[in-house]
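These notes concern the structure reproduced below.
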Amino acid sequence: MSTAASMLHTLFGGLKIALQALATHKLRTALAMLGVFLGALALTGVMHVSKAMVQKAEEETAKLGPNLFVAMSGKVRFVHSGSVRFGSETTTFTLADAEALISGVPQVRVGVPFVRKNMPVRFQRTTTTAQLVATAPAYTAVRSVAPATGRFISRNDVETRAKVCVLGKTIAEKLFGKPELALGQTVFFYRAGLEVIGVMEEKGRDLSGTDQDEQVFVPVTTYMRRMSNQDYISGVYMTLYDGADTTAAKAETKALLRARHQITDPARDDFAVLTASDAAILQTQALDLVWTLGVMSSGISFMVGSLGILSIMILLVRSRRLEIGIRRAVGAKRRSIVLQFLLEAGLMSGTGGLLGVCGALLCVTVVYRIGNFPYVYDPLLIAMSCGASVLFGLIAGAYPAWKASRVEVLDVLRSHET
């Protein structure tokens, strides 16, 4: 028999004995596998959910628009989840400020002013609350949105202060059931009646936490003159050139607004300047912390599982001294004994790890569905979790395997006789 065939025969023989031994001690085996199971479950689950959340953050950043850059009145703050919270607006940000930023900041490719206001919108007897966004035609290019049916606000609508609006998909469904039924109908904001000229495509929530499907868009001049009679706006959305220096763009924007608003102390700024990546960076930092804690917890679980395997294997060596002695008496080599017990340890930890990975994939699938996350499954992460499980088991089984190979036939026979 060749060396390779001999090794294969020894391996399969050892595997058969290992399965029989583990089946004989079912409770001990299950307890030893539990720690490894929890370690693989935590490692696989946390790493997959973290990757899914990062991918979702990237998708939400893209929803805000390519190279988006925003200057707005009032203050904003970030919460720990990475979402943006808006403070009260000021009345100092004007259309002239928006035009000055669009033309005066060299990194800006295109921009559009906007006014944001939560208002009730009504059609016949159905009323719902929407975020009204008063803006201009460039909004679709800056924010990467488009109407699914009908059209968006035109330049002529802005110039003539047309009494028209474009509904978000969710608002259209709440008021009309089917979005396509909204076109040509008149909806009311208090007493102001506006004709529906379009319904936007579905976009979902962005990084600021705003549901873009619950917005209604109107010409900025229509809102400022026909609906509210105000001279100030909420801010301006801008798109930067590809590769533009964001830090420089922020500095120039702040300097220009401070000069126009006659602000000398930066602490008294009545505006905020931010990019989509600002929220994404904070969210990524929060995810990094979650990932670190998850890896630490899974590492602790693996260590506990390894100690469990170590203690169980030591007990198995003591209880099977006669079996080891007989195998040594009939010619089994020390390396065969070592291989035997390493196989048992690896089999225990590998099975526990595999079960943990399967359980984690089931859990993350549920999390993806409930949290509306992208379905991310990484074969490399799965292989790493299974490999780590087997590795910890082999390390834990190394000492008991060595102890088993040191068993002497005469010592076993003497102890068995007594």
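Report whether or not ARG125 is farther than 24 Å from THR91 by Cα, loosely packed, with under 15 Cβ neighbours inside 10 Å, out of contact with any helix residue (DSSP H, G or I) (no Cβ under 6 Å at 6 or more places or on another chain) and of a type outside the set (Val, Ile, Thr).
Here the answer is yes, as ARG125 does meet what is asked.
Could you pull out the residue among LEU315, LEU342, LEU354, LEU347 that is assigned to a helix (DSSP H, G or I), farther than 15 Å from VAL390 by Cβ and either more than 34 Å from the chain's Cα centre (by Cα) or not β-branched (Val, Ile, Thr) (or both)?
Just one listed residue meets the conditions, LEU315.
Would you say GLY184 is under 18 Å from ILE153 (Cα atoms), assigned by TED's automatic domain parsing to the domain that holds ALA148 and free of Cβ contacts under 8 Å to residues at least 24 places away in the same chain?
Yes.
Do you know which residues across the stretch 254-270 are out of contact with any Gly (no Cβ under 9 Å at 6 or more places or on another chain) and assigned to a loop (DSSP other than H, G, I, E, B)?
Answer for the stretch 254-270, where residues must be out of contact with any Gly (no Cβ under 9 Å at 6 or more places or on another chain) and assigned to a loop (DSSP other than H, G, I, E, B): GLN262, ILE263, THR264, ASP265, ASP269.
Condition test on VAL357, is it touching a Cys at 6+ places or on another chain (Cβ under 7 Å), at pLDDT 80 or above and surrounded by 13 or more Cβ atoms within 10 Å (Cβ to Cβ)?
Answer is yes for this residue.
Test each condition in (1) at pLDDT below 80; (2) of a type in the set (A, V, I, L, M, F, W, C); (3) surrounded by fewer than 20 Cβ atoms within 10 Å (Cβ to Cβ) for ALA276 and report the one that comes out false.
With respect to (1) at pLDDT below 80; (2) of a type in the set (A, V, I, L, M, F, W, C); (3) surrounded by fewer than 20 Cβ atoms within 10 Å (Cβ to Cβ), ALA276 is out only on (3).
Helices (runs of 4 or more DSSP H) wholly in the stretch 87-184 with at least 1 residues that are under 26 Å from THR275 (Cα atoms) - which ones?
95-104, 139-143, 169-176
Any residue that is outside any helix (DSSP H, G or I), under 20 Å from the mean Cα position of the chain (by Cα) and either at pLDDT below 85 or of a type outside the set (A, V, I, L, M) (or both) - is there at least one of those in the stretch 362-372? Even if it seems obvious, please write down each step before you answer.
Start the filter on the stretch 362-372 by keeping residues that are outside any helix (DSSP H, G or I), which leaves 372.
Next, only the ones that are under 20 Å from the mean Cα position of the chain (by Cα) stay: 372.
Then keep just the ones that are either at pLDDT below 85 or of a type outside the set (A, V, I, L, M) (or both); that gives 372.
Yes, the conditions are met somewhere in the stretch 362-372.
For (1) assigned by TED's automatic domain parsing to the domain that holds SER319; (2) among the charged types (D, E, K, R); (3) at pLDDT 75 or above; (4) surrounded by 15 or more Cβ atoms within 10 Å (Cβ to Cβ), each residue gets a yes or a no:
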position: HIS9; (1), (2), (3), (4): yes, no, no, no
position: LEU22; (1), (2), (3), (4): yes, no, no, yes
position: MET53; (1), (2), (3), (4): yes, no, yes, yes
position: ARG77; (1), (2), (3), (4): no, yes, no, no
position: ALA96; (1), (2), (3), (4): no, no, yes, no
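Pick out the one residue from VAL158, VAL142 that is out of contact with any helix residue (DSSP H, G or I) (no Cβ under 9 Å at 6 or more places or on another chain) and of a type outside the set (D, E, K, R).
VAL142 is the lone residue from the list that is out of contact with any helix residue (DSSP H, G or I) (no Cβ under 9 Å at 6 or more places or on another chain) and of a type outside the set (D, E, K, R).
Among LEU293, LEU343, LEU347, which is the only one that is assigned by TED's automatic domain parsing to the domain that holds LEU41 and surrounded by fewer than 15 Cβ atoms within 10 Å (Cβ to Cβ)?
LEU293
Out of everything in the stretch 164-181 that is without any contact (Cβ under 8 Å) to a residue 24 or more places away in the chain and not acidic (Asp, Glu), what residue ends up being nearest to VAL218 (Cα to Cα)?
The selected residue is LEU181.
Right, THR221: hydroxyl-bearing (Ser, Thr, Tyr), in contact with an Asp or Glu (Cβ under 8 Å, 6 or more places away or on another chain) and surrounded by fewer than 17 Cβ atoms within 10 Å (Cβ to Cβ) or not? Show your work before the answer.
On the way: hydroxyl-bearing (Ser, Thr, Tyr): yes; in contact with an Asp or Glu (Cβ under 8 Å, 6 or more places away or on another chain): yes; surrounded by fewer than 17 Cβ atoms within 10 Å (Cβ to Cβ): no.
No: the conditions fail for THR221.
If we keep just the residues of the stretch 185-221 that are in a helix (DSSP H, G or I) and among the polar types (S, T, N, Q), which is modelled with the lowest pLDDT?
GLN212
Would you point out which residue out of ALA71, ALA57, ALA62 is among the aliphatic types (A, V, I, L, M) and either closer than 30 Å to PHE341 by Cα or at pLDDT 80 or above (or both)?
ALA71
Determine, yes or no, whether ALA172 is surrounded by fewer than 20 Cβ atoms within 10 Å (Cβ to Cβ), among the small types (Gly, Ala, Ser) and assigned by TED's automatic domain parsing to the domain that holds GLN107.
On the way: surrounded by fewer than 20 Cβ atoms within 10 Å (Cβ to Cβ): no; among the small types (Gly, Ala, Ser): yes; assigned by TED's automatic domain parsing to the domain that holds GLN107: yes.
Spelling it out, it is not the case that ALA172 is surrounded by fewer than 20 Cβ atoms within 10 Å (Cβ to Cβ), among the small types (Gly, Ala, Ser) and assigned by TED's automatic domain parsing to the domain that holds GLN107.
The values are calculated or read from the model by the stated rules, or taken from the named source; none is laboratory data. Quick caveat, the model's predicted, so the values are computed rather than measured. Glycine also receives a Cβ, built like all others from the backbone with ideal geometry; neighbour counts cover every protein chain displayed.
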